[in-house]
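The values are calculated or read from the model by the stated rules, or taken from the named source; none is laboratory data. Values in this document were obtained by computation on a predicted structure and should not be read as measured data. Glycine gets a Cβ as well: all are built from the backbone with ideal geometry, and neighbour counts include every protein chain shown.
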């Protein structure tokens, strides 16, 4: 897709959902389908759904029904006829409410469009964790070849936001777990990326209840003298290249440069990260 010719996806998504405002029979293209004919979307970036919120929504649906149609696309599947694009929370709540049919708007969309729409819908409603957002960006860049600049334009985000969010995937697993659980904020996590031992410092931040600004100051104070001296002495172009590669890959990258040789090291903290890296290298 040529991102230079595309309007921000948020606008197109608003228009698309505008079509779904109507109800069955009003000419809007909305129709009722059996709930068991719909399967969850394979490109849904959201992994966690609050149980209390689902139960509250289910109670509302029992009383008033599903007022906003789900967005789906047709699929060739033995067990389902449609795949969810947007509205999974309503679909889950409708099942809890015991509804047999739900209103849907059917659109034939490509995989990359489905992922972008699902991402934008969740971002607009602030439903995603920072890691869920980062993983969605990674899939769009690695699986569908979208550039960070293209994503920024399509999703209405700054390029620095995309890059900084992707960097969160390079954190150790324990730190990512705290981020996912909400015991650390995205601001804390970004500060910890520069720490000598992010996992140990994260545990201290949580134990002491430190805010983001204090965490950033602590990271600077705890930097080992050798590492601080090394950072000051290193070539600025090498440091910039490490930063660009880290942002592009979502993994911490270090470069050791000598007079006639050097080494580039890719750091991973989970086997999933290693698998993604190997897939990326093989694709190239």
* Residues being closer than 14 Å to residue 252 by Cα and not in a loop (DSSP other than H, G, I, E, B): count how many of those fall in region 192-202. => 2
* Out of (1) more than 13 Å from the chain's Cα centre (by Cα); (2) crowded, with 20+ Cβ neighbours inside 10 Å; (3) in a helix (DSSP H, G or I), the odd one out for residue 118 is which? -> (1)
* Structure fact -> Every listed condition ((1) modelled with pLDDT of 80 or more; (2) touching a strand residue (DSSP E or B) at 6+ places or on another chain (Cβ under 7 Å)) holds for residue 121 save (1)
* Give just the number: which of (1) in contact with a strand residue (DSSP E or B) (Cβ under 8 Å, 6 or more places away or on another chain); (2) within 27 Å of residue 134 (Cα to Cα); (3) modelled with pLDDT of 80 or more does residue 238 not satisfy? => (3)
* Filtering region 88-115 down to residues that are at pLDDT below 90 and in a loop (DSSP other than H, G, I, E, B), which residue is nearest to residue 166 (Cα to Cα)? -> 110
* Is it true that residue 276 is modelled with pLDDT of 75 or more and closer than 22 Å to residue 152 by Cβ? -> yes
* Asked: Does residue 247 qualify as being surrounded by fewer than 16 Cβ atoms within 10 Å (Cβ to Cβ), outside any loop (DSSP other than H, G, I, E, B) and at pLDDT below 85?
  -> no
* In region 250-261, how many are modelled with pLDDT under 80, under 25 Å from residue 197 (Cβ atoms) and out of contact with any helix residue (DSSP H, G or I) (no Cβ under 7 Å at 6 or more places or on another chain)? -> 0
* Structure fact -> Within region 263-272, restricting to residues that are modelled with pLDDT under 80 and not in a loop (DSSP other than H, G, I, E, B), the one that is surrounded by the most Cβ atoms within 10 Å (Cβ to Cβ) is 272
* Structure fact -> Exactly one of 204, 135 is closer than 20 Å to residue 50 by Cβ and surrounded by fewer than 23 Cβ atoms within 10 Å (Cβ to Cβ), and that one is 135
* State all residues of region 28-70 that are on the phi > 0 side of the Ramachandran plot and out of contact with any helix residue (DSSP H, G or I) (no Cβ under 8 Å at 6 or more places or on another chain); if no residue qualifies, say none. => 65
* **So residue 145, is it surrounded by fewer than 19 Cβ atoms within 10 Å (Cβ to Cβ), at positive phi and touching a residue at least 24 places away in the same chain (Cβ under 8 Å)** => no
* Structure fact -> In region 68-87, residues that are under 22 Å from residue 119 (Cα atoms), assigned to a loop (DSSP other than H, G, I, E, B) and touching a residue at least 40 places away in the same chain (Cβ under 8 Å) total 2
